[in-house]
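Here's the structure we're looking at; comments come further down.
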Amino acid sequence: MESNITVGHPFYFPTQVVLVDDDPDFLEGVSLMLNKNLSFKLFQSASAGLSYVNSAHLHVDFLHRCYTSYKTGPQESDALSHIDIGKLHLEILNGFRFQTCSTVIVDYSMPEMNGLEFLKALKNPFIKKVLLTGQADMELAVKAFNLQLIDQFIDKHDPRLKAKLNATIMSFQEQYFRSSFKLITDPILTNNQDGFLLSPEFQEFFGEVRKHCGCVEYYMLDSPHSGFLMVDAEGQRQCLLIYTQDALLDHVMQLKQINAPAELVKQVQAGEVLPVYDAQSANLTRFHPAIANWNDYYYPARKIVSKITYYTTITDDLLLPNIHGKMIHSYKEFLETNSIVQQIVH
């Protein structure tokens, strides 16, 4: 879904693109150009499209669930923020998450209102705005772009329209997360413990993992250890657990203190295997099932070398805390059952 990300996101899920044009034939033609795994809605009516976009973002309540700010003094700068990473993955229980509109692509010349009037009426300031123009509107579009009223303009008759549309959408979906959830992402990015979000080497590795696993959405975890919950289009879940060198050595010391099997200690110390259970909270002894049957509780690891060395492992049977409901809509289900996603709304 996203590419060339140099700073990682704590979470990501597919968002929706809304296209507005009073010409139904053009809308239908554009819909055939879009990537097949993209969620989009088409509106021939500007007022109907505006109403939809202005209500779509209200259903995603990451900030209310995960972010808390505390005043510590009389000044505006006297505040502390707390991010509950343990609640990020609960977004898989939010049936509206895929209807989050990240990008609006609107024609300039429309009877109800022109494209600039439409874009100025958007309530969510983080939505990326693309203006479709004809040759007659090009000068106006350049002026709007220079005044930062729009994020991009594209000539409707450009022979590279398909490539430009899809490249713009991919880029803007990623930028939407960076800008709209800054209150959550910025504090996490400044936390040294989660430095893998700032590591180009780790982000390249994570991109490879997501591609290999068919991951379309992911959410940061802090239990049983730092990592990510990854979900593919069919709703299958896997977890990528991430250990720093220091965390690995702490666990080695823990194993030595309980006189764990020498082979287990050796493999953990070499970074060849990692625990896929909550080793910090477990009351470990030599006879604990995770130690006595350690081959079932330790998975093969991979070493990622950057400024900080990371060790990772993937598990597909990790029982996550706080998921008390059935996942609402896999992305595949959403695209299949919401036929209106690809229907022109008049």
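Every number in this text was worked out from the coordinates using simple rules, so none of it is lab data. Because the structure is a prediction, the values reported are computed rather than measured. Positions of Cβ are backbone-derived with ideal geometry, glycine not excepted, and every protein chain shown enters the neighbour counts.
Please find the FRET efficiency linking Gln175 to Gln269, where r is the Cβ-Cβ separation and R0 is fixed at 35 Å, and quote it to the nearest 0.05. If you can, show how the numbers build up before the last one.
Numbers: r = 42 Å, r/R0 = 1.20.
Once the sixth-power term is evaluated, E becomes 0.25.
Which of the lysines could a cross-linker bridge to Lys128, judged by Cα under 24 Å and excluding same-chain residues fewer than eight apart?
By straight Cα distance, Lys128 reaches Lys36, Lys41, Lys120, Lys143, Lys156, Lys162, Lys164, Lys182.
So, by mean Cβ neighbours within 10 angstrom, what's the order for 239-246, 140-147, 35-42 with the highest one leading?
Descending packing order for the listed peptides: 239-246, 35-42, 140-147.
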